[in-house]
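Novice: Just dropping this structure here.
The values are calculated or read from the model by the stated rules, or taken from the named source; none is laboratory data. Note that the coordinates shown come from a computational prediction; the quantities given were computed from them, not determined experimentally. For neighbour counting, all protein chains shown are included, and Cβ atoms are generated from backbone atoms with ideal geometry for every residue, glycine included.
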Amino acid sequence: MDSLRQQYIDYLATQRLLSSHTIATYQRTLLPLQQHLIDQGIKSWQQLTGKLIRQWIASIRQQGLSATSIATKLSSLRSFCKYLIEIEYLTQDPCVGIKAPKQGKPLPKNVNVDQVNQLLNINDDDPLAIRDRAIMEVFYSSGLRLAELASLNLNDIDKHQQLIKVTGKGDKQRLVPITKTALAQLNQWYKLRSMIAPIGEDAIFVSQQGRRLSHRSIQVRMKKWAQQQQLSTTIHPHKLRHSFATHMLEESSDLRAVQEMLGHADLSTTQVYTQLDFQHLAKVYDQAHPRAKMIKEQKK
């Protein structure tokens, strides 16, 4: 077992020319696995079976390894077994059908209401400052994606109905509310925009050259304002979108409404994307669920 493992490591270094860091990752998987198998009475890699691999995965899970780390180790083992098949040491791959533990999707980080207010409290009459505040007000007002905001045209804003017509993924359109604060900031920007944008330019947000503002420019300007407003965190479009969703849910707990505003086709996407106020949900559950209410009444 030891000689085959070392032969594979040499192959990674001399034939595949992998970095020492990557090779060390393979070693950290195969050496402990080899010892684990020896402890089980296994004397050859040919005795490796799917059952033994599953037992090994279970044992390292009990040691507290994360799902990501286990997935990395399983990937290393798959590569090793593929090599053993290529050199005709194994005839079948024992890793077939084995899945790594499901990895949870990390939640996007959001900023709290005080931080949003700090970001948007811009007292500057420079045209770019007025434009940038309008951009960030719209992001936070309506939870738009970066591409959705950058593609906004003048006729997409309905001031009277206080709605934005948004073109999302797959060119699907939806109507999203916009706050009076964001509309007021847009009006300030419109007065200056008319002096910059050429006739026939439909884009709401334009550069100093009068062209539609690029995605990258929007990101850079938001990062700049986070620093200038002395926030302790970076700001980017996705963070304001997530903050919008989180704050809306905390106040309303209406997951379906937030799903519609975000433009998610699947409700499960919204559930992952937003952080629910679980204390509030527990309170609603206790008040609404018939069995929960019955237990409370019995305790009286």
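Novice: Every residue in region 28-46 that is loosely packed, with under 13 Cβ neighbours inside 10 Å and in a helix (DSSP H, G or I), please.
Specialist: Answer for region 28-46, where residues must be loosely packed, with under 13 Cβ neighbours inside 10 Å and in a helix (DSSP H, G or I): GLN35, ILE38, ASP39.
Novice: When region 8-21 is examined, which residues are found to be farther than 23 Å from GLN40 by Cα and surrounded by 13 or more Cβ atoms within 10 Å (Cβ to Cβ)?
Specialist: Residues satisfying the conditions are ILE9, TYR11, LEU12, ALA13, LEU18.
Novice: Got at least one residue in region 100-115 being at positive phi and either within 28 Å of the chain's Cα centre (by Cα) or outside any helix (DSSP H, G or I) (or both)?
Specialist: no
Novice: Among (1) at pLDDT below 95; (2) surrounded by 12 or more Cβ atoms within 10 Å (Cβ to Cβ), there is one condition ASP132 misses while meeting the rest; what is its number?
Specialist: Going through (1) at pLDDT below 95; (2) surrounded by 12 or more Cβ atoms within 10 Å (Cβ to Cβ) one by one, ASP132 breaks only (1).
Novice: Follow-up. If the Cβ limit is 8 Å and pairs must be 6+ apart or interchain, which residue in region 80-93 that is in contact (Cβ under 8 Å) with a residue 24 or more places away in the chain and within 20 Å of ALA24 (Cβ to Cβ) pairs with which residue that is among the basic types (Lys, Arg) and in a helix (DSSP H, G or I)?
Specialist: PHE80/ARG5
Novice: Output the qualifying pairs, or none if there are none: Cβ atoms under 7 angstrom, residues six or more apart or on different chains, first residue in region 1-23 and touching a residue at least 24 places away in the same chain (Cβ under 8 Å), second residue part of a loop (DSSP other than H, G, I, E, B).
Specialist: Within 7 Å, the pairs are MET1/SER44; LEU4/TYR89.
Novice: Considering only region 47-58, how many residues are loosely packed, with under 14 Cβ neighbours inside 10 Å and within 16 Å of PHE80 (Cα to Cα)?
Specialist: 2
Novice: Specify the residue that is surrounded by the fewest Cβ atoms within 10 Å (Cβ to Cβ); the eligible residues are those in region 148-179 that are part of a helix (DSSP H, G or I) and at pLDDT 90 or above.
Specialist: Filtering first and then ranking leaves ASN155.
Novice: Can you tell me which residue among LYS180, LYS191, LYS165 is touching a residue at least 12 places away in the same chain (Cβ under 8 Å), of a type in the set (D, E, K, R) and out of contact with any Lys or Arg (no Cβ under 7 Å at 6 or more places or on another chain)?
Specialist: Going through LYS180, LYS191, LYS165 in turn, just one is touching a residue at least 12 places away in the same chain (Cβ under 8 Å), of a type in the set (D, E, K, R) and out of contact with any Lys or Arg (no Cβ under 7 Å at 6 or more places or on another chain): LYS180.
Novice: Another question, if that's okay. Would you say LEU17 is out of contact with any strand residue (DSSP E or B) (no Cβ under 8 Å at 6 or more places or on another chain), part of a helix (DSSP H, G or I) and in the same structural domain as LYS82 (by TED's automatic domain parsing)?
Specialist: No; evaluated as a whole, the condition is false for this residue.
Novice: Still on this structure, I have one more. Out of region 221-252, which residues are modelled with pLDDT under 75 and either closer than 19 Å to ALA147 by Cα or in contact with a helix residue (DSSP H, G or I) (Cβ under 6 Å, 6 or more places away or on another chain) (or both)?
Specialist: Result: MET248, LEU249.
Each row is one residue, and each column tells you yes or no for (1) in the same structural domain as GLN161 (by TED's automatic domain parsing); (2) of a type in the set (A, V, I, L, M); (3) in a helix (DSSP H, G or I).
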site	(1), (2), (3)
GLN188	yes, no, yes
GLY200	yes, no, no
GLN219	yes, no, yes
MET222	yes, yes, yes
GLN227	yes, no, yes
GLN230	yes, no, no
